[in-house]
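Visitor: Sending over a structure as structure tokens; questions will come in a sec.
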Amino acid sequence: MIYLDNASTTKLSDEGKNQINKSHDFFWNPSALYGKGLEVKRLIIEAKKEICGALGTSYSDNLIFTASATESNNLAIFGSIKKTKEQLIFSQGEHPSVYNCALELKARGYEVRFIPLTDSGEVDILAFKKLLEKPTAFVSIMHVNNETGAINDIKKLVTLTKKKYPNATFHCDGVQAFGKIPVNVTSLGVDFYTVSGHKIHAPKGIGALYGKNFKKLKPIIFGGGQELGLRSGTENTQYILAFAEVVKNFKIKENFNKVIEINKYVKDFFAREKIASLNSSKNTSPYILSYSFEKVRGETLVRMLEEEGIIIGTGSACSSKKGGLNRTLEAMGKSKEQNQGAVRISFSGKSSLEEVKIATEIILKTYKKLLDKVV
Ligand code: PLP
């Protein structure tokens, strides 16, 4: 099997697996006051330092662990938005774990505005500037789009926001950026930044939220007051330590260079064969490629490829689809046909050029077979 759906999830790495096995022995409650509990607490703080270091901040109190990026996004949004008449701005391309929070806020009566995307998938800066003419309390814009890999210039977007509204909160969903492209939350200037374990070969069910100043945040679940009182519930020590162990072994530059080569191979291949149009264009992460195949449905191609041992995706879970259409591609102005024919091919640092060469040949063959059936 050749797995090329790494934007959806990744295989747990050996370091992560070994760390989980080892840390079964650290079962003591980190909130306990006896020595063993304090030892576990210390390990959790070390884990925070490791992840904070990789995010470009050194203070372990700048990070809290959650059970997923979905939870981190919900916490950053619902935990920081106060009762206000000022507008809340989200991008049109956000992952459902942010986008559906925006819809919920709208349903609760907040003034919610969406920034359109350019045809290459980034947020439209001119449209954002126009939106900022109205008083703004909160902005949430993702770093790397999970459907197309488009990279938003977060530093610029934060600067534009804070120049007009120094007290506005800026949240960024960094799930598809962390561990893949350089991330430095301090230089980006964000208030909150979300990351997830399972996109980078750490376990599923562990996420984290960076906060420049957690005083801006209120909990959304209540209990024993763990994680600075912001995320109650006994800490998931095993997964926290595994997450940190994976981060400790990050090879961002090395993997990036390898994935650039893989990405170029795929782009050259499809450009030569002229069977699909590239939806990811200008400023994109090399880890994600979105293609629209002509005259076929992406889902059908994905299912046929699975029978041939190739796993690719049609994009984020169905919740991102409106009437079967992908919201991000729709916001980029893609036609209904382009949208229906879309697939996502996504890599990880563990992908190899050899397997991708095999996969592209099989994709070509399978597409031609499918085309013969439909025309
Ligand atoms: N944000 C982005 C950009 C994602 O790609 C994903 C996962 O697909 C999530 C959030 C949700 O992550 P999790 O599965 O950890 O909740």
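Visitor: If I filter the stretch 27-35 for residues that are under 27 Å from Asn249 (Cβ atoms) and either in contact (Cβ under 8 Å) with a residue 40 or more places away in the chain or within 15 Å of the chain's Cα centre (by Cα) (or both), do I get at least one hit?
Guide: Yes.
Visitor: A further question follows. In this structure, is Pro203 within 11 Å of the ligand (Cβ to nearest atom) and within 19 Å of the chain's Cα centre (by Cα)?
Guide: The answer is yes for Pro203.
Visitor: Quickly run through the stretch 238-294 and pick out the residues that are small (Gly, Ala, Ser), crowded, with 18+ Cβ neighbours inside 10 Å and either under 20 Å from Ser335 (Cβ atoms) or without any contact (Cβ under 8 Å) to a residue 24 or more places away in the chain (or both).
Guide: Of everything in the stretch 238-294, those that are small (Gly, Ala, Ser), crowded, with 18+ Cβ neighbours inside 10 Å and either under 20 Å from Ser335 (Cβ atoms) or without any contact (Cβ under 8 Å) to a residue 24 or more places away in the chain (or both) turn out to be Ala276, Ser280, Ser290, Ser292.
Visitor: Restricting to the stretch 56-70, count the residues that are assigned to a helix (DSSP H, G or I), surrounded by fewer than 21 Cβ atoms within 10 Å (Cβ to Cβ) and within 15 Å of the ligand (Cβ to nearest atom).
Guide: Matching residues across the stretch 56-70 total 1.
Visitor: Just checking, does the stretch 133-142 include any residue being part of a helix (DSSP H, G or I) and out of contact with any helix residue (DSSP H, G or I) (no Cβ under 6 Å at 6 or more places or on another chain)?
Guide: Within the stretch 133-142, none of the residues are part of a helix (DSSP H, G or I) and out of contact with any helix residue (DSSP H, G or I) (no Cβ under 6 Å at 6 or more places or on another chain).
Visitor: So how many residues does the stretch 103-123 have that are part of a helix (DSSP H, G or I) and in contact with a helix residue (DSSP H, G or I) (Cβ under 8 Å, 6 or more places away or on another chain)?
Guide: 1
Visitor: Right, something else. Kindly indicate whether Pro203 is of a type outside the set (Phe, Trp, Tyr), in a loop (DSSP other than H, G, I, E, B), touching a residue at least 24 places away in the same chain (Cβ under 8 Å) and over 18 Å from Ser285 (Cα atoms).
Guide: Against the criterion (of a type outside the set (Phe, Trp, Tyr), in a loop (DSSP other than H, G, I, E, B), touching a residue at least 24 places away in the same chain (Cβ under 8 Å) and over 18 Å from Ser285 (Cα atoms)), Pro203 qualifies.
Residue-by-condition table, conditions (1) within 15 Å of the ligand (Cβ to nearest atom); (2) in contact (Cβ under 8 Å) with a residue 40 or more places away in the chain; (3) within 19 Å of Lys49 (Cα to Cα); (4) of a type in the set (D, E, K, R):
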position: Pro182; (1), (2), (3), (4): no, yes, yes, no
position: Val190; (1), (2), (3), (4): yes, no, yes, no
position: Asn213; (1), (2), (3), (4): no, no, yes, no
position: Gly223; (1), (2), (3), (4): no, no, no, no
position: Leu228; (1), (2), (3), (4): no, yes, yes, no
position: Asn236; (1), (2), (3), (4): yes, yes, yes, no
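Yes or no, residue by residue, for (1) part of a helix (DSSP H, G or I); (2) under 19 Å from the mean Cα position of the chain (by Cα):
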site	(1), (2)
Thr10	no, yes
Ile20	yes, no
Ala54	yes, yes
Asn74	yes, yes
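Visitor: Within the set of pairs 6+ apart or on separate chains, which have a first residue in the stretch 87-98 that is assigned to a strand (DSSP E or B), a second that is at pLDDT 95 or above and of a type in the set (D, E, K, R), and C-beta atoms under 6 Å apart?
Guide: Gln87/Glu111; Gln87/Arg113; Gln87/Lys134; Ile89/Arg113
Visitor: For the stretch 161-180, which residues satisfy the criterion of being within 13 Å of the ligand (Cβ to nearest atom) and either β-branched (Val, Ile, Thr) or in contact with a Lys or Arg (Cβ under 6 Å, 6 or more places away or on another chain) (or both)?
Guide: Val175
Visitor: Return yes when Arg42 is away from the ligand (no atom under 16 Å from the Cβ), out of contact with any Leu (no Cβ under 8 Å at 6 or more places or on another chain), closer than 28 Å to Ile220 by Cβ and not hydroxyl-bearing (Ser, Thr, Tyr) and no when it is not.
Guide: So Arg42 passes the test.
Visitor: Buried (at least 21 other Cβ atoms within 10 Å of the Cβ), assigned to a loop (DSSP other than H, G, I, E, B) and not hydroxyl-bearing (Ser, Thr, Tyr): is that true of Phe222 in this structure?
Guide: Criteria not met by Phe222.
The values are calculated or read from the model by the stated rules, or taken from the named source; none is laboratory data. In this text, all values refer to a predicted model and were calculated from it rather than measured experimentally. All Cβ positions, glycine included, derive from the backbone under ideal geometry; neighbour counts span all protein chains shown.
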